[in-house]
Amino acid sequence: MEKKPFTQIGTPTSDTDQFRMRGRDVLGEILGEKSFSETFYLLVTGRELPQNYTRTFDACMVILMDHGITPTALVARMVHDSLPEDVQLPMIAGTMMVGNKFAGTMAGAGAIFREGVDAGGDPREFAVSVIKRHKEEKKFIPGYGHPYYFPTDPRTEKMFKIALEAGVSGQYISLAKVLAEEIEQSRGKPLTLNVTGALGAVLNEVSFPVEVMRGVAAVSRAAGLIGHVYEEMKNPIAPAVVDFINNIEYRDPDLK
């Protein structure tokens, strides 16, 4: 017998007799009852976000919302300059930059922390093995290092404080700190445990799936980018960017 495809997320719009999400009546149990963060967590995981974790997960949704004219914000503003009628397109263009370099490294860090906690054993031995592996592969360890925050990232410290106050186990946070200590021991100087590394630990602490952790950054940053697009409508910086570009010197490769 052929298996029919199914979803456990939500009822289709064609079913006008009910409006359900993850087994809950949307109009009676979700709308006006749950926050955006709580509903996002439920929709993705199929589980209720424990009440004592609400502030923690909400902080995860807020911390990467904006940090000024970042590359993601600049891309959104420049796309808006070309497509001024479509607010969603510059937002999408900006969120496409949430990845292995900008804003999205909590997924890689989260995978490392999950691996270490699942393996059990001595966390320092695990941390040393992570450093060795990344050295051999000539790769950066995701979640560590920052061009401006040094030797610590105050956002990391605040995120850990919020999570620990909520009563999380702290095992992922502890491993993140141990890995930072072992990186410093290996290098002979600190390497900042940045906020995306912190998010990799904290999202594990609240049992958010590693596979879609980057989605937290994308959803959060999308909100911030709408702010940048709206400001670009009122007070554009695109002309200044274009003027800067037009003053970049061209050098003929055939001339010495």
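Numerical summary
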{"read-out": "Lys, Arg +1 and Asp, Glu -1 on Cβ, resulting dipole of the chain about Cα centre, debye, nearest 20", "value": "640"}
{"read-out": "Amide hydrogen neighbours beyond the local backbone of residue 67, cut-off 5 Å, H modeled", "value": "none"}
{"read-out": "Computed [θ] at 222 nm, deg cm²/dmol, the chain (DSSP H ≥ 4; -39,500 (n - 2.57); rounded to nearest 500)", "value": "-17000 deg cm²/dmol"}
{"read-out": "Residue 233 versus residue 15: modelled label distance in nm, points set 7 Å from Cα along the beta carbon direction", "value": "3.6"}
{"read-out": "Trypsin sites (Lys or Arg not before Pro) restricted to DSSP loop in the range 21-90 with at most 15 other C-beta within 10 Å", "value": "47"}
{"read-out": "Cα-centred dipole magnitude for the range 73-182, charges only on beta-carbon of K, R (+1) and D, E (-1), debye, nearest 20", "value": "240"}
{"read-out": "Residue 242 versus residue 174: modelled label distance in nm, points set 7 Å from Cα along the beta carbon direction", "value": "5.7"}
{"read-out": "For the chain, built as a Gaussian network whose Cα springs stay under 10 Å, the top-fluctuating residue of 189, 158, 138", "value": "138"}
{"read-out": "Total formal charge among the other residues, if their Cβ is under 15 angstrom from that of residue 50, Lys/Arg +1 and Asp/Glu -1", "value": "-2"}
{"read-out": "Furthest towards positive pole of dipole, 204, 5, 131, structure part the chain, Cβ charges", "value": "131"}
{"read-out": "The range 195-256, dipole about Cα centre (Lys/Arg Cβ +1, Asp/Glu Cβ -1), debye to the nearest 20", "value": "120"}
{"read-out": "Two-site label geometry, residue 33 and residue 3: point separation in nm, points 7 Å out along Cα→Cβ", "value": "3.1"}
{"read-out": "Quotient of Cα Rg and 2.2 N^0.38 Å for the range 91-183, N being how many residues it contains", "value": "1.16"}
{"read-out": "Other-chain or far-sequence residues with amide H under 5 Å of residue 144's (modelled H)", "value": "194"}
{"read-out": "Distance between the range 26-78 and the range 122-158 - C-alpha centres, whole angstrom", "value": "26"}
{"read-out": "Estimated Rh, the range 1-152: Kirkwood, alpha-carbon pairs, angstrom", "value": "19.7"}
{"read-out": "Relative contact order of the chain, pairs being alpha-carbon contacts under 8 Å that are 6 or more residues apart, as %", "value": "25"}
{"read-out": "In the range 53-107, chymotrypsin sites (Phe, Trp or Tyr not before Pro) in a DSSP loop with at most 10 other beta-carbon atoms within 10 Å", "value": "none"}
{"read-out": "1.4 Å probe accessible area per residue over the range 1-73, in Å²", "value": "69"}
{"read-out": "Under 11 Å, Cβ to Cβ, from residue 31 - net charge with Lys/Arg +1 and Asp/Glu -1", "value": "-1"}
{"read-out": "Measure of compaction for the range 27-86 (Cα Rg per 2.2 N^0.38 Å)", "value": "1.57"}
{"read-out": "Charge-dipole axis of the range 138-251 as Lys and Arg at +1 and Asp and Glu at -1 on Cβ define it, positive-most pick from 190, 213, 241", "value": "190"}
{"read-out": "Total lysine pairs under 24 Å (Cα atoms) in the range 127-183, excluding pairs fewer than 8 apart on one chain", "value": "6"}
{"read-out": "Accessible-area composition of the chain, carbon plus sulfur, in percent [1.4 Å probe]", "value": "57"}
{"read-out": "Accessible surface, per residue, of the range 90-165 when the full set of protein chains is kept, probe 1.4 Å, Å²", "value": "58"}
{"read-out": "Residues residue 249 and residue 83, FRET efficiency given R0 of 45 Å [Cβ-Cβ distance, rounded to 0.05]", "value": "0.95"}
{"read-out": "Choice from 246, 52, 100 showing the highest fluctuation, given a GNM over the chain with Cα pairs closer than 10 Å", "value": "246"}
{"read-out": "Ranked by how many other beta carbons lie within 10 Å on average, peptides 3-12, 104-113 from highest", "value": "104-113, 3-12"}
{"read-out": "Descending semi-axes in Å of the range 185-256, equivalent ellipsoid built from Cα gyration tensor", "value": "37, 26, 12"}
{"read-out": "The range 1-109 - percent relative contact order, Cα under 8 Å, separation 6 or more", "value": "13"}
{"read-out": "Coarse-grained scattering of the chain at q = 0.10, 0.11, 0.14 Å⁻¹, given as base-10 log I(q)/I(0) from a Debye sum over alpha-carbon atoms", "value": "-0.63, -0.74, -1.04"}
{"read-out": "Candidates 160, 36, 19, ranked by Gaussian network fluctuation over the chain, Cα under 10 Å, top entry", "value": "19"}
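The values are calculated or read from the model by the stated rules, or taken from the named source; none is laboratory data. Source: prediction; values computed, not measured. Virtual Cβ from ideal backbone geometry, glycine too; neighbours counted across all protein chains shown. Ligands, DNA and RNA are excluded from the accessible area calculation, which covers all protein heavy atoms including side chains. Shrake-Rupley method; radii C 1.70, N 1.55, O 1.52, S 1.80 Å.
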